[in-house]
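This report concerns only the one structure given below.
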Amino acid sequence: MIDRDQVLHVARLARLELSEEEVERMSGELTGILRHIEKIGELDLEGVPPTSHVVEVATALRPDEPRPSWPREELLDAAPAVRDDGFEVPSPQA
Amino acid sequence: MSVQWEPVIGLEIHVQLDTRTKMFCSCALSFGEPPNTRCCPVCLGLPGALPVVNAKAIEYGLMIGMALESDLAERSIFHRKNYFYPDNPKAYQISQYDEPLCRGGRLGDVRIHRVHLEEDAAKLVHVGESGRIHGSDASIVDFNRCGTPLVEIVTEPDVRSGEEAREWLQLLRETLRQLGVSDVDMSQGSLRCDANISIRPRGETGFGTKTELKNMNSFAFIERGIKAEVARQIEIVDGGREVVQETLHFDPRTERITSLRSKEEAHDYRYFPEPDLVPIRIPADMLESARAAIPELPAARAARYEAAGVSAGNARDLAFRPELAVRFDDALPVADSAQATAALFLNQPEVAAEAEPRAVAEVSNLVGRRELTPANARRVLEILAERGGDPAEVVAREGLGAMQDGDALEAIVEAALAANGDAADRIRAGNMKAIGPIIGHVMRETKGRADGGEVTRLVRAKLGL
Amino acid sequence: MSDEILALTAAQAGERIRAGELRSSEVFEAYRERAAADELNAFLWVAEDTPAAAGEDAPLAGVPLAVKDLFCTEGVPSQAGSRILEGYRPPYTATVVRRLRDAGAPLLGKTNQDEFAMGSSNENSAYGPVRNPWDRTRVPGGSSGGSAAAVAAGMAPWAIGTDTGGSIRQPAALSGIVGMKPTYGAVSRYGMIAFASSLDQAGPLTRDVTDCALLFRHMVGQDPCDSTSLAFPEEVRLPTAERLDGIRLGVPEELTGEGIEPGVLENFHATLDRARELGATTHPMRLPHAPHGLSAYYIIAPAEASANLARYDGVRYGLRSDEYDDLLSMYTRTRHDGFGPEVRRRIMLGTYALSSGYYDAYYGRAQQVRTKIADDFRAAFREVDFVVTPTSPGVAFELGAKTDDPWAMYLNDYCTVPVPLAGLPAISIPSGLSEGLPVGFQVIGPAFSENRIMDAAYALEQVIGFDGSAARA
Ligand SMILES: [Mg+2]
Ligand SMILES: [Zn+2]
């Protein structure tokens, strides 16, 4: 069961605005999905190591050799708001 | 009477590594280039871009771990630390969590908790009101710094005062500088320090509520900031109130401590293993080259000099000046007194740096044997620095040897007293300061070869004092 | 002429070009025209002009390629089916697309997909659903629905897509074509817009197994830009096997019974008969933890996605909502307006599963289940050469049939999801029709056994003799 307040807390962490009815629907849908998912709670997994990488790859390291950076114009080109050769955002402290 | 409070301080240091490229991409590190000219799809977090670890950053991390006597992990992994902020392009920082590169260790009297690798954030320029934090409407993000390799060093709460913090950080900074892994320039932000501060009644072992003092960018500010925060906490608890856990900012201009809590909510970083990177297993050859690249570091050097008889202060002074210390090391084997020779090096570093080190030791030996006066030792050193040669011969050739013939000196002293009657009178009247002109006279006469102490003894004797 | 071209497989077209009987530009033009006239909404972008004789002597002879929208292609819209990347043209090209282009497969177009590859019906695209060429009232499957429909409908000779929980194999099955999900690490992920990094793999969607092998041959290889990529241990061969003598096929109880539509199950067993006729033996076996695959998958994939999709914040590229009054509302509104309902749902699910207090119960356990599932397969491959299942529990369903019930939609991945959790390769080949709609047969093998998998699939393909021409008409 994931209630309204939890939905709002998680939405805040995820920086997602949700309308009132979206909050309600989300709470219902997540609760439903979690009901199925929680079946893994019944498994005995005592001492089972977690898997975060399926294939064991030898440590991949990159030599410390510079390559040219990218033309600024090309990178700023995709930005929604540009100012003084940089990416403009509302000030975090505003 | 009120409780005696003991400050309990732990430090968290971020060090920018002096690699050629960034932590996870091949962009060159930035030193004040125009904004956003040191960027690529990886360090800008473009869709589909993937990080690849810079081998040099790992090697430097290992060298730091070795210098701090840490345990080096055979296997360490990167985690994602999730939070939204404009200086954090992927909205997660690739950092390390429960499997860091190094664990434990110590430097001086402070134990190390852990050492891990991560990536630096971008620079936010607050435009509008004079680039100052408050009251500005918009900010501009410059990603040049974003992805610069960082090593985070976390100490155990072993520091007890702002002064200790400053001294220890100076040792750490010198250690990192001599390792050659960072330019450790606080004003440029390549060395940054946060302090976790709490207080407890002296004698207790528990911990009080701690506050975090952020981003102090000079040793002086760190010392003063910690002092101010400790005082603030003591005032709070003595006033019967409770310290609240929060992040604080020290303003060196006003000495005022302010809370940064303002807008940020309680953090939930949702750490989880970075799936784009595989576990780091240190290649044996890298471990070797890292070990080989480590010079004798200040703490070890200072300890060695102290053991040789140099005072703690002078030992540290030498250890912090490796270029002078290596010459002192050459002088040490022939020095009768390590302390006297160390003093000679530290008093005239530039001359001592020119002269042949064993000759410098020899000069201090001559002084020790009273065959040369400290006054003339300077001259001899200067000559050695200019033309080299054997100290004893120089002393003989230049006739700078200390006077051994007591009668001759006695005569010169009598002459000096006669020539400075009024000074003699004032000395008789008890004004010892007046002895200056007389000693000056004697030294002129003897070309500095007279022993100052002996001269004073004779003057007193002559005047029946 | 055009119809003649469209009747050819990619490999056949390549041979004709190399023999000088066809010009690559003719092939490109024939497909470009059809793609431009797309009525299934399979394409989001189609190349305007035909490249002048693109690599006729290169290995892929200039046979054009359809590419899933989420592969970054320099200067060409790459939107991952999302509104938050509407009109986004990346400054660089994904490694796998570059490799294929260099091998002589020019870009024909970008194909529709579920937003950020999250879906099993292609109904989650911000640019509208894709229709199934076998029945336009039905879905083509997803998330690589556009690539599957384009190949099935003869609008592209071949295509690449990505598979995270079944996003290549399931749409291939529902659209009556071949789709292969390679061993994790076999194909570079660099330039692939990420959904779940520890599961995502690019793979071919083709008319037959030979095309699959030919395309796959030029996709594999270690990439210095992808730390999780590996060198493929052997040369990728074109399949030739005619028999399956001595091949042991494991039939897992858990994935071949309950929850599978009767028509699909019937076809599955008929296919097992074909296999036995070719000399294979079939062995009932267990994959005890496979039924928990969905649970583990729907924790791990959303958790990784919640971080992978956090970069879409309206700062450096893509959409920024125009009504906001501070940084926080700029973030929250941009991400609300830019993401569709399913993506929001999974971001929420993943964020919740990682949030403090829940990590161990969800993400931690899911990773342990992942270990158990991999162990189950490891044990299985000590007894059998391949594990075989139906690719999808059902055939293509009506548009809108499952959109109101997330878990019902997730159940489409029931048979495919354990495979990427274990990082294994698997192929889906068309094995016939049920209710007039294609059914897929899945062959799962050990890591890097793609050559053997494709050989077995090829032998079966010959005896099944599936005819997909109806969908191309
Ligand atoms: Mg840090
Ligand atoms: Zn870069």
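The values are calculated or read from the model by the stated rules, or taken from the named source; none is laboratory data. None of the values given here were measured: they were computed from a predicted structure. Positions of Cβ are backbone-derived with ideal geometry, glycine not excepted, and every protein chain shown enters the neighbour counts. The protein model used for the area step is the full one, side chains on, heavy atoms only, and it has no ligands, DNA or RNA in it. Shrake-Rupley method; radii C 1.70, N 1.55, O 1.52, S 1.80 Å.
Observations on the model:
- Tally of residues being open to solvent by 60 Å² or more (accessible area, probe 1.4 Å), more than 24 Å from B:Leu171 (Cβ to Cβ) and assigned to a helix (DSSP H, G or I) across segment B:305-361: 5
- Of the residues B:Gly401, B:Gly448, B:Gly389, B:Gly453, the single one that is in contact with an Asp or Glu (Cβ under 7 Å, 6 or more places away or on another chain), under 30 Å from B:Ala331 (Cα atoms) and among the small types (Gly, Ala, Ser) is B:Gly401.
- Segment B:38-60: number of residues that are open to solvent by 30 Å² or more (accessible area, probe 1.4 Å) and either within 11 Å of ligand 2 (Cβ to nearest atom) or more than 11 Å from chain A (Cβ to nearest Cβ) (or both): 1
- Only a single item in (1) open to solvent by 40 Å² or more (accessible area, probe 1.4 Å); (2) within 14 Å of chain C (Cβ to nearest Cβ) is not met by B:Asp109, and it is number (2).
- C:Met330 vs. criteria more than 9 Å from chain B (Cβ to nearest Cβ), in contact with a strand residue (DSSP E or B) (Cβ under 9 Å, 6 or more places away or on another chain) and closer than 22 Å to C:Val419 by Cβ: no
- Meets criteria (under 28 Å from the mean Cα position of the chain (by Cα), away from chain C (no Cβ under 14 Å), within 16 Å of ligand 1 (Cβ to nearest atom) and open to solvent by 20 Å² or more (accessible area, probe 1.4 Å)) for B:Gln96: no
- Looking only at residues of segment B:141-156 that are within 14 Å of ligand 1 (Cβ to nearest atom) and of a type in the set (A, V, I, L, M), we find that the one that is farthest from the chain's Cα centre (by Cα) is B:Leu150.
- Pairs are defined by a Cβ separation below 7 Å, a sequence spacing of at least 6 or placement on different chains, a first member in segment C:357-382 that is more than 10 Å from chain A (Cβ to nearest Cβ), and a second member that is of a type in the set (Lys, Arg) and crowded, with 20+ Cβ neighbours inside 10 Å; no pair meets this definition.
- Test: residue in segment C:303-324 that is aliphatic (A, V, I, L, M), away from chain B (no Cβ under 12 Å) and closer than 27 Å to B:Leu50 by Cα: yes
- Taken across segment B:172-184, residues that are farther than 21 Å from B:Val110 by Cα, without any contact (Cβ under 8 Å) to a residue 60 or more places away in the chain and assigned to a helix (DSSP H, G or I) do not occur at all.
- Count of segment C:110-134 residues which are open to solvent by 10 Å² or more (accessible area, probe 1.4 Å) and either among the hydroxyl-bearing types (Ser, Thr, Tyr) or at negative phi (or both): 9
- Qualifying residue in segment C:78-85 (condition: free of Cβ contacts under 8 Å to residues at least 40 places away in the same chain and either touching a Cys at 6+ places or on another chain (Cβ under 9 Å) or assigned to a helix (DSSP H, G or I) (or both)): no
- If only residues of segment B:10-29 that are within 16 Å of ligand 1 (Cβ to nearest atom) and outside any loop (DSSP other than H, G, I, E, B) are counted, the one that is nearest to C:Tyr92 (Cα to Cα) is B:Gln16.
- Counted as qualifying within chain A are the helices (runs of 4 or more DSSP H) with 1 or more residues that are within 19 Å of B:Asn36 (Cβ to Cβ) and more than 7 Å from chain C (Cβ to nearest Cβ), namely A:72-76.
- All of B:Leu248, B:Leu172 fail the test of being surrounded by 15 or more Cβ atoms within 10 Å (Cβ to Cβ) and closer than 27 Å to B:Phe31 by Cα, apart from B:Leu172.
- Number of the exception - B:Lys81 against (1) open to solvent by 10 Å² or more (accessible area, probe 1.4 Å); (2) more than 27 Å from the chain's Cα centre (by Cα); (3) without any contact (Cβ under 8 Å) to a residue 60 or more places away in the chain: (3)
- Within the span defined as segment C:373-388, every residue fails to be at pLDDT 95 or above, more than 19 Å from C:Ala447 (Cβ to Cβ) and of a type outside the set (A, V, I, L, M, F, W, C).
- Restricted to helices (runs of 4 or more DSSP H) entirely inside segment C:1-58, those with at least 3 residues that are without any contact (Cβ under 8 Å) to a residue 40 or more places away in the chain and among the charged types (D, E, K, R) are C:24-36.
- For segment B:14-34, taking the residues that are open to solvent by 20 Å² or more (accessible area, probe 1.4 Å) and more than 8 Å from every other protein chain (Cβ to nearest Cβ), the one that is farthest from ligand 2 (Cβ to nearest atom) is identified as B:His14.
- Condition check for B:Glu59: assigned to a strand (DSSP E or B), more than 30 Å from C:Ser78 (Cα to Cα) and at pLDDT 95 or above: no
- The residues on offer are B:Gly48, B:Gly32, and the sole one that is farther than 30 Å from C:Phe71 by Cβ and more than 15 Å from ligand 1 (Cβ to nearest atom) is B:Gly32.
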